[in-house]
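The values are calculated or read from the model by the stated rules, or taken from the named source; none is laboratory data. This is a predicted model, so every value here is computed, not measured. Glycine gets a Cβ as well: all are built from the backbone with ideal geometry, and neighbour counts include every protein chain shown.
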Amino acid sequence: MKIYFASDHAGFDLKNALLEHVRALGHEAEDLGAYSLAPDDDYPDVVGALARRVAAEPEARGIALGGSGQGEAMCANRVPGVRAAVFYGPMRVTEALDIEGGRSEDGYDAVRLPRRHNNANVLCIGARFVSGSEADEAVRIFLNTPFSDSPRHARRLAKF
């Protein structure tokens with residue numbers, strides 16, 4: 001699978017680590033910037049490019065990194081065909097969620113559910129909130145979780 005990466009200065013180091021992680025998983029990864037650490041860079045420049053590439057290639061996915069991931073998701077979601085979700089780190093829920101036949105208690109449902117229910121194609125990671133191992137696991141789940149394609153989820157997506 002083709003995976004596009006983009007980050008601002010806040011996500012720069014984590015982006016570079018995740019690029020290697022994704023390549024080690026056997027995926028083709030392309031870095032769309034930032035290519036150097038520049039504290040004055042603007043995430044819309046690189047995230048917009050990522051979103052346009054993902055929208056043009058339905059089988060591709062995108063990973064965008066920033067301080068919180070929120071601005072990156074807002075930017076990406078402005079591009080028709082992009083469905084970006086935000087990951088801040090594992091979330092502790094008060095009770096285990098029943099996820100289509102399996103109970104999930106690992107804290108990564110903020111990644112798993114947007115893939116299964118919304119066919120998310122961009123994951124925006126808040127680099128200031130996650131460890132490298134948490135980001136590795138989130139990306140692995142994001143890349144390996146299929147869209148459920150259940151009638152209710154397909155119906156909802158059609159309304160986008």
- Can you give me the ranges of the strands (runs of 3 or more DSSP E) entirely in region 22-99 with at least 3 residues that are at pLDDT below 95 and surrounded by fewer than 21 Cβ atoms within 10 Å (Cβ to Cβ)? 97-99
- Task: Show the residue pairs that are 6+ apart or on different chains and have beta-carbon atoms under 6 Å apart, the first residue being within region 144-160 and in contact (Cβ under 8 Å) with a residue 60 or more places away in the chain, the second being surrounded by fewer than 10 Cβ atoms within 10 Å (Cβ to Cβ) and not in a helix (DSSP H, G or I).
- Result: none
- Task: Looking at (1) touching a residue at least 40 places away in the same chain (Cβ under 8 Å); (2) in contact with a Lys or Arg (Cβ under 8 Å, 6 or more places away or on another chain), find the lone condition where GLU28 falls short.
- Result: (1)
- Working only within region 1-18, note down all residues that are surrounded by fewer than 18 Cβ atoms within 10 Å (Cβ to Cβ) and either part of a helix (DSSP H, G or I) or in contact with a strand residue (DSSP E or B) (Cβ under 6 Å, 6 or more places away or on another chain) (or both). LYS2, ASP13, ASN16, ALA17
- Where in region 107-160 are the helices (runs of 4 or more DSSP H), entirely inside, with at least 3 residues that are under 21 Å from ALA29 (Cβ atoms)? 109-118, 132-144
- Message: Just to be sure I understand the filter: pairs with C-beta atoms under 9 Å, separated by 6 or more residues or on different chains, first member in region 44-72 and more than 12 Å from ALA84 (Cβ to Cβ) and without any contact (Cβ under 8 Å) to a residue 12 or more places away in the chain, second member of a type outside the set (S, T, N, Q) and part of a helix (DSSP H, G or I). Which pairs pass?
- Response: none
